[in-house]
Amino acid sequence: MFSYILWNQGVKRSGPARTGIYQNLTPVWTGLFAWLMLGESWSLAKFLGAIVVLAGVSLVRFGQPQRVKSLEGTQ
């Protein structure tokens, strides 16, 4: 229940679009905690998948938006 309260506070503060980005971290956190607490092993595919997810979240979070030129008025 505590996690739902935190999630809703994050949506309230940052908005749903920005908060939704972090939803992609759920499999990474789950794998990390399974490794720490249950001794689960990580295959190369899981490790590479975690890197891709972390890279994607960091690009969206810290990347600079690019401006798209308007097509109006050009012929």
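The values are calculated or read from the model by the stated rules, or taken from the named source; none is laboratory data. Quantities reported herein were computed from a predicted structural model and do not represent experimental measurements. For neighbour counting, all protein chains shown are included, and Cβ atoms are generated from backbone atoms with ideal geometry for every residue, glycine included. All accessible areas refer to the heavy atoms of the entire protein, side chains included, with ligands and DNA or RNA removed. Shrake-Rupley method; radii C 1.70, N 1.55, O 1.52, S 1.80 Å.
Could you list, in sequence order, the residues of segment 48-75 that are more than 28 Å from Ser14 (Cβ to Cβ), at pLDDT below 95 and either among the acidic types (Asp, Glu) or surrounded by 10 or more Cβ atoms within 10 Å (Cβ to Cβ) (or both)?
Glu72
For segment 12-27, indicate whether the set of residues that are touching a Leu at 6+ places or on another chain (Cβ under 7 Å), open to solvent by less than 80 Å² (accessible area, probe 1.4 Å) and at pLDDT 85 or above is non-empty. Before the answer, list the steps.
First, pick out the residues of segment 12-27 that are touching a Leu at 6+ places or on another chain (Cβ under 7 Å): none.
Among the residues of segment 12-27, not one is touching a Leu at 6+ places or on another chain (Cβ under 7 Å), open to solvent by less than 80 Å² (accessible area, probe 1.4 Å) and at pLDDT 85 or above, which makes the answer no.
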